[in-house]
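Everything below concerns the one structure shown next.
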Amino acid sequence: MCGIVGYVGMRDPIPVILDGLQHLEYRGYDSAGVAVVHPAGIVVRKRAGKVAELVAAVAGDQALAGSTTGMGHSRWATHGEPNDVNAHPHTDCGGSIAVVHNGIIENYAALKKRLQARGHLFRSATDTEVLAHLIEDFRKTAPDLLSAVSAALREVTGTYGLVVLETASPGVMVAARLGSPLIIGVGDGEQIVASDAAAIVAHTRQVIYLNDGEIAEIKADAIRTTTLQDVTITKEIEEVTFDLSQIERGGFAHFMLKEIHEQPETIRNGMRGRLRADEGSVKLGGLEHVQERLAKSRRIIFLGCGTSWHAGLVGEYILEQIAKIPVEVEYASEYRYRTPIVGPEDVVFAVSQSGETADTLAAMREAKRHGALVLGIVNVVGSTIARETDGGIYTHAGPEIGVASTKAFTSQLTAMSLMTIMLAKSRGLSAADARVLTTELAAIPEKVERVVAQADEIRRIAQVYKDAKNFLFLGRGANFPVALEGALKLKEISYIHAEGYPAAEMKHGPIALIDEHMPVVVVVPRDAIYEKVVSNIQEVRARKGRIIAIANEDDHEIGALAEHVIRVPRTYGFFGPIVNIIPLQLLAYYIAVARGTNVDQPRNLAKSVTVE
Ligand code: F6R
C-alpha cells in the first residue's frame, strides 16, 4: 500500500527519499512523487508508474537541488485513478503547503465542498488534497505548522499517516498518525520519517513509533510530539533489529523465491529457544503472563485476512484436536460488522504478518471492547497489532517482501503448533505424548528442506500447466486450508482463476467444472482419510480432470492415479500443512514466472492493506 518517506537534515533529501521509496516498492503502489522545500516555494515532481520512472524523471532536475527538507510518496489508488495528477504530494492553492498521506479521509466530500465554497481550487480527484487546503485555511491564524495540522486533523474522519511541509518553515516536517503507521528514524543531525522501517534502516536503527492520535514536529536536531489537543507526549527511542541484507534478493530471481527457500531457517527461528524436543516442552515468553487465562478460556478466536486467515483455519484443526479447545476462525473484515458474541471468557488472536492490516486491527479492537483477552501472532516487531495486543507470539520470519505471503504462513503455523503443545500440556496431555509432538515439530525444517530441493521438478510441472485458465485445489482435514492457500497463491501471482475446496465438497458443485482442461491439485498425505481422498481423485479422473498429487514419499499407489506426483515427507497429520504448502508455493511461483507476470508486485495487490 501507500508508502511515505520524509527527510530533514544536512543532506540532499532526494537520494534518501528515492532510495526509501525503492525499499517500500514491495508494498504495492501505482504512482510516486517527491517534494522539497525551497524558500521560494515547494517543488513537486510526480509520475504514474514505477519509482524507476520517477527516478529517471528527476535525474539532474536542478529545481530539486539545494534543499535539506523533502518527502516522497508511493500511492496505491483509492480515490481517483493512478495518474500524475492524483499522485502525492498534494499542495494547497498557493503551492506553499504540501502533504503526503496514507489512509482514507472519509469525510473528504463534505470538506471539499466547504473548501470549494470558500474559494479553494482543487486539482486532483483524491481525498488527500482536502488536507492541503484545510491546513492552508488553519495556517492563516495558527502560530505554527503543527498547530495548523492539528486543527485540520480535528475536523477529519478517517485514517491517516501523513507528513506536511511548508515554505514558511524550511527544516520542519510535521507528521501525524491515526490508523496508518509512521516511524521516525532518529539520526545524527537528521531525521527520517517513514511508513515502514525498511525505508529507514539504511540510515539509522534508532526509531520512535508514533501512536494513533499523535502528531510530531520534526527538525534535524529535535522532535516534539503532542496529541491533537496539544498535550505533550514523551516518546521512547527504540531499536529496530532487522538487517538491510534481509530485504535484498540475495541472488534469487525474486523475493518470493528467496522467501520460499528461507523457510527451513525461518521455521527454525520460530522454534529457537521455545521448543525443547527432548523434554517435550514448549516455552512461549509472550504468553507466560496469560497462560492460566488461556488454558481456562471458553474458546479461542483467530482473526485474520487472506493467508493469515488460512493459517487460523489450520490452527483450528490443530488446537481442537490436540488441545481440545473450541476454536473459531473469522475473517477480520466481517467480524467487526456483525456484532460478535465475545467476552472475557474468550481469547482472541489477531493473526497478521504485517501487524498493520486495517481490518484485523479494527476487529481485534472490537473484541477488546467486549472484554476479550486479545493476543497477537505477528511477524513485524513493533507493528501496531503487536503493540496493541496484551501479549502473543512473534513469528520471527524476518521481513517478508514478496507480496504473496509464503514464509509468514509457515511461521504462523509453527507458532500455532507450539502454542497447541503448550496448551495441551496444561490441559492434561501426557509428557510422553508431548514428547512425540515436540519431536515431530523439531523435524519439520529438515522436511521442508527436502521439498524445497525439488524446485526444478516442480518448475517442469509448472511448464505443462502455465496456460491453464482455471485450477482446482483439493484437500481434507488440516490440508483443506492448504488447498485454499495454494489456490490463493496461484491466483495472486499468475492471475489464473483458482479455487480451493475440501476434497469431498467437490461433488456438491465444482465437479461440474471438471473436464480434460482442468488441472486439479490434490493434497493427499497417507493419513487416516487417505482412502477417502483417493476416492475423490477417482471422481476427478472419471471426468478426465488432470491430477497433480501432493503425496508422501512412501506412497506407492498414487503414481497410478495422478498425472504428476510431487513427493513430500510424511509428517504427523496436524503439522503436515507446514510441509505440504511448500510445493504449492513453488508451483504458483513457477507458473507465474512462465507467464511473465510481476511475481513480487502482482497487479492491484498491496503487501500491507492499511485501508478498510
Ligand atoms: C496473500 C497475502 C494476503 C495477506 C493479507 C493479510 O499472499 O499476502 O492475503 O495474507 O492481506 O495480511 P497480514 O498477514 O499482514 O495481516
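Here the range 453-612 is assigned +1 on the Cβ of each Lys and Arg and -1 on the Cβ of each Asp and Glu. Its dipole about the Cα centre then comes out at about 300 debye.
In a reduced charge model with +1 at each Lys and Arg Cβ and -1 at each Asp and Glu Cβ, the range 3-240 shows a dipole moment near 560 debye about its Cα centre. Dipole orientation for the range 245-442: of the candidates Gly315, Ile325, Gln412, Ile325 has the Cα lying most toward the positive pole (charges on Cβ; Lys, Arg +1; Asp, Glu -1).
Per-peptide packing, taken as the mean over residues of other Cβ atoms within 10 Å, places 153-164, 245-256, 10-21 in the sequence 153-164, 10-21, 245-256 from highest down.
As a rough footprinting exposure proxy, the listed residues Ser354, Ser195, Ser96, Ser417 were ranked by other beta carbons within 10 Å of their own, and the order from fewest upward is Ser96, Ser354, Ser417, Ser195.
Under the combined filter of DSSP loop state and at most 16 neighbouring Cβ atoms within 10 Å, the range 296-391 retains these trypsin sites (Lys or Arg not before Pro): Lys296, Arg298, Lys324, Arg338.
What helices does the chain hold that run 24 Å or longer along their axis, going by alpha-carbon atoms, with a Kyte-Doolittle average of -1.0 or more, using DSSP H for the helix calls?
Values: long enough: 407-426 (29 Å, 0.70); 576-595 (30 Å, 1.28).
Both cut-offs are met by 407-426, 576-595.
The GluC sites (Glu not before Pro) found in the range 473-564 that occupy coil by DSSP, while having at most 16 further C-beta atoms within 10 Å, are Glu516, Glu553, Glu557, Glu563. In units of the compact-protein estimate 2.2 N^0.38 Å, the range 303-394 shows a Cα radius of gyration of 0.98.
One chain, two ends: Ala432 and Arg459. Fully extended at 0.36 nm per residue, the span grows by 5.6 nm beyond their Cα-Cα distance.
For Val327, Val193, what ranking results if the residue with the fewest other Cβ atoms within 10 Å of its Cβ goes first? Spell out each step's value before the answer.
On the way: Val327 20, Val193 30.
Final ranking by Cβ density, sparse to dense: Val327, Val193.
Using Cβ point charges alone (K and R +1, D and E -1), the dipole size of the range 534-612 about the Cα centre works out to roughly 320 debye.
Arrange the following residues from fewest to most other Cβ atoms within 10 Å of their Cβ: Phe122, Phe302.
Numbers: Phe122 15, Phe302 26.
Final ranking by Cβ density, sparse to dense: Phe122, Phe302.
Would you mind computing the Rg to Rh ratio of the chain from its alpha-carbon coordinates, Kirkwood style for Rh?
Values: Rg = 25.5 Å, Rh = 25.4 Å.
Across the chain, the Cα-based Rg/Rh ratio is 1.00.
Every number in this text was worked out from the coordinates using simple rules, so none of it is lab data. Only a predicted model underlies this, so the values are computations on that prediction, with no experimental measurement involved. Positions of Cβ are generated from backbone atoms using ideal geometry, with glycine treated the same way; all protein chains shown enter the neighbour counts.
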